[in-house]
Amino acid sequence: MEWQDEGIILHTQSLGERKQIVSLFTLAHGRSAGVFHVTQKNKGWVQCGGKVKARWTARLENHLGMWNLEPLQSTSVFLLDSPGPLAALLSATALCQLALPERHAYPHLYGKFEALLKDLSTPHWAISYVFFELLLLEELGYGLDLKACAVTGAQENLVAVSPRTGRAVCENVAKPYEGKLLPLPPFLSQETLKTMVEDKEILDALDLTGYFLERYLLGRTLPSARTRLLQRFGKLRKCA
């Protein structure tokens, strides 16, 4: 059997000297893997985060299959001098590789990943990355409700999120539970997204999404690429 699609490279693994198992996040076929023949001409662009045109072939649908790949966009090469955005790219690919079920399409999430690839070269790359993680949680059934207070229904003064339910609460409700709730950065619950966000808000947002990714979605420690993103971002003076 055979199909064609476009995709973003998530992971590569050597299979001998001239072959790699390449995992893609494709538009219509979700996360899919196959064997790719490596040559001197193509080894430079087969990198995590690169966008490719893909043709997958196999005798049976449940076989690993073979890739024929053509480069469409090489992202990581242009981010070598931008450690923060590069860390965000590698974190996004690592999370998709771990969390997405094989061969299940997520076109909305794929579109968000494409938007992230574009945003990595802009000043608001960190904001875009946070909303990518939020959509990843939502698409896989662990969406957070950050628009209204879970107790009062109020849509203003939302300051925290329940670690159990993933629902926001307002300041008055949160006070008796100080220290037991997760901080909610203001920009996550606002209708109009700010173009400038303080470092602390971004870090609080990453702590928030990281908690639910680790505890509910992955059921394991976050990948090292995600940890490096926090470390990198903590060194930046500005995120926007």
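The values are calculated or read from the model by the stated rules, or taken from the named source; none is laboratory data. What you see is a predicted model, and the numbers here were worked out from it, not measured in a lab. Because the Cβ atoms are built from the backbone with ideal geometry, glycine has one as well, and the counts that use them run over all protein chains shown. Accessible surface is based on the protein model in full, side chains and every heavy atom, while ligands, DNA and RNA are left aside. Shrake-Rupley method; radii C 1.70, N 1.55, O 1.52, S 1.80 Å.
Just to be sure before I move on: is Phe113 over 16 Å from Leu27 (Cβ atoms) and either aromatic (Phe, Trp, Tyr) or out of contact with any Cys (no Cβ under 6 Å at 6 or more places or on another chain) (or both) in the structure I sent? Spelling it out, it is not the case that Phe113 is over 16 Å from Leu27 (Cβ atoms) and either aromatic (Phe, Trp, Tyr) or out of contact with any Cys (no Cβ under 6 Å at 6 or more places or on another chain) (or both).
Output the residue which, of all residues in the stretch 67-85 that are out of contact with any Phe, Trp or Tyr (no Cβ under 7 Å at 6 or more places or on another chain) and at pLDDT 90 or above, is nearest to Ser23 (Cα to Cα). Filtering first and then ranking leaves Asn68.
Going through the stretch 64-75 one residue at a time, which ones are more than 21 Å from Ala99 (Cα to Cα) and part of a loop (DSSP other than H, G, I, E, B)?
At the first step, the residues of the stretch 64-75 found to be more than 21 Å from Ala99 (Cα to Cα) are 65-75.
Across the stretch 64-75, the qualifying residues are Gly65, Ser74, Thr75.
Any residue at all in the stretch 86-99 that is of a type in the set (Val, Ile, Thr), buried (at least 18 other Cβ atoms within 10 Å of the Cβ), modelled with pLDDT of 95 or more and part of a helix (DSSP H, G or I)? Checking the stretch 86-99: at least one residue is of a type in the set (Val, Ile, Thr), buried (at least 18 other Cβ atoms within 10 Å of the Cβ), modelled with pLDDT of 95 or more and part of a helix (DSSP H, G or I).
Within the stretch 144-193, being closer than 12 Å to Leu208 by Cα and touching a residue at least 40 places away in the same chain (Cβ under 8 Å) holds for Leu144, Leu146, Val161, Pro163, Gly166, Leu188.
The residue list Ser82, Ser74 contains one member that is in contact with a Gly (Cβ under 6 Å, 6 or more places away or on another chain) and at negative phi, which is Ser74. Taking the conditions exactly as written (charged (D, E, K, R), open to solvent by 40 Å² or more (accessible area, probe 1.4 Å) and more than 16 Å from Ala205 (Cα to Cα)), does Glu138 satisfy them or not? No: the conditions fail for Glu138.
Would you check if Leu10 is in contact with a helix residue (DSSP H, G or I) (Cβ under 7 Å, 6 or more places away or on another chain), modelled with pLDDT of 90 or more and either among the aliphatic types (A, V, I, L, M) or open to solvent by less than 70 Å² (accessible area, probe 1.4 Å) (or both)? Yes, satisfied.
Within the stretch 226-240, the residues that satisfy the criterion of being assigned to a helix (DSSP H, G or I) and at pLDDT below 95 are Thr227, Arg228, Leu229, Leu230, Gln231, Arg232, Phe233, Gly234. Contact annotation: residue pairs with Cβ atoms under 6 Å, 6 or more positions apart or on different chains, pairing a residue in the stretch 63-82 that is under 16 Å from Ile9 (Cβ atoms) with a partner that is in a strand (DSSP E or B) and basic (Lys, Arg), are Asn68/Arg55; Glu70/Lys53; Leu72/Lys51; Leu72/Lys53; Gln73/Lys51.
Within the stretch 21-42, how many residues are open to solvent by 40 Å² or more (accessible area, probe 1.4 Å), under 20 Å from Cys96 (Cβ atoms) and not charged (D, E, K, R)? If you could, list the steps in order and put the result at the bottom.
Restricting attention to the stretch 21-42, the residues satisfying the condition of being open to solvent by 40 Å² or more (accessible area, probe 1.4 Å) are 21, 27-29, 31, 37, 39-41.
So of that shortlist, the ones also under 20 Å from Cys96 (Cβ atoms) come out as 21, 27-29, 31.
Adding the requirement that they be not charged (D, E, K, R) leaves 21, 27-29.
Residues that pass the stated criteria total 4.
Annotation: of all residues in the stretch 105-135 being closer than 23 Å to Leu79 by Cα and in a loop (DSSP other than H, G, I, E, B), the one that is least open to solvent (accessible area, probe 1.4 Å) is Leu120.
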